[in-house]
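Participant: Take a look at this one; I'll ask things after.
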Amino acid sequence: GSVAGARFSRMNGLLEEFLHPEVAEGGHASSAAAQQESEDKAARCFSEDFGDLAETEELIDGFDCRMLQKYRCYHNNICPEKVFELKGMLYVTVSTLAFSTTDKAAWPFNRGEGVKLAINYTEVEKIQKGGKLLFRVLTHDKNSYIFGGFESESEYTAALGKLLFR
């Protein structure tokens, strides 16, 4: 698990260097420091948000993104579909995909407590890549979770790759 995570991190670093060749060699060290800081932040937030799960699961990586949830009234066609964008962190572990909102007030249905979601990979039926840097996780019980709003295309690619090739 951690070997694959390290390989993906190295691959992301190489992609970033290829896509942004204007970064000076001296900037590489600060890039590595920034990446380590980001990994430390993800581990700290995962532990805070999912304490029991964090004790038993090895965190591969964490990504700032948004979870999109769509709701529609099926009783009539008058009510428009409502889309909620929940800003948070997507965590990829060895056996679980987890998401926790960072903006606790964005979700109006649970009194400002935020949203925490943990899906074991055995529950996942498929992961579908979509347009506009989105992907959808469909579970065996037909629940659908859409993730997007990643900081960059390389972050999106890294998240999708780590989910598909964990």
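Participant: Find the residue count for region 85-96, including only residues that are in contact with a helix residue (DSSP H, G or I) (Cβ under 7 Å, 6 or more places away or on another chain) and either open to solvent by less than 30 Å² (accessible area, probe 1.4 Å) or modelled with pLDDT under 90 (or both).
Facilitator: Number of matching residues: 6.
Participant: Could you grab me the full set of residues in region 123-145 that are within 16 Å of Thr96 (Cα to Cα) and touching a residue at least 24 places away in the same chain (Cβ under 8 Å)?
Facilitator: Val124, Ile127, Val137, Tyr145
Participant: If you don't mind, there's one more thing I want to ask. If you scan region 112-166, which residues turn out to be touching a helix residue (DSSP H, G or I) at 6+ places or on another chain (Cβ under 7 Å), assigned to a strand (DSSP E or B), at pLDDT 90 or above and open to solvent by 20 Å² or more (accessible area, probe 1.4 Å)?
Facilitator: Residues satisfying the conditions are Ala118, Ile127, Lys129.
Participant: Looking for something open to solvent by 30 Å² or more (accessible area, probe 1.4 Å) and in contact with a His (Cβ under 7 Å, 6 or more places away or on another chain) - is there at least one such residue anywhere in region 73-80?
Facilitator: No.
Participant: What about Phe99, is it modelled with pLDDT under 90, aromatic (Phe, Trp, Tyr) and in contact with a strand residue (DSSP E or B) (Cβ under 6 Å, 6 or more places away or on another chain)?
Facilitator: So Phe99 fails the test.
Participant: Given the options Glu16, Glu55, Glu22, Glu37, name the one that is open to solvent by 100 Å² or more (accessible area, probe 1.4 Å) and either at pLDDT 80 or above or touching a Ser or Thr at 6+ places or on another chain (Cβ under 7 Å) (or both).
Facilitator: Only one candidate qualifies: Glu55.
The values are calculated or read from the model by the stated rules, or taken from the named source; none is laboratory data. Predicted, not measured: the structure shown is a model, and the values here were computed from it. Ideal geometry is used to build each Cβ from the backbone, glycine not excepted, and the neighbour counts take in all protein chains shown. The accessibility values were calculated without ligands, DNA or RNA, using every heavy atom of the protein model including side chains. Shrake-Rupley method; radii C 1.70, N 1.55, O 1.52, S 1.80 Å.
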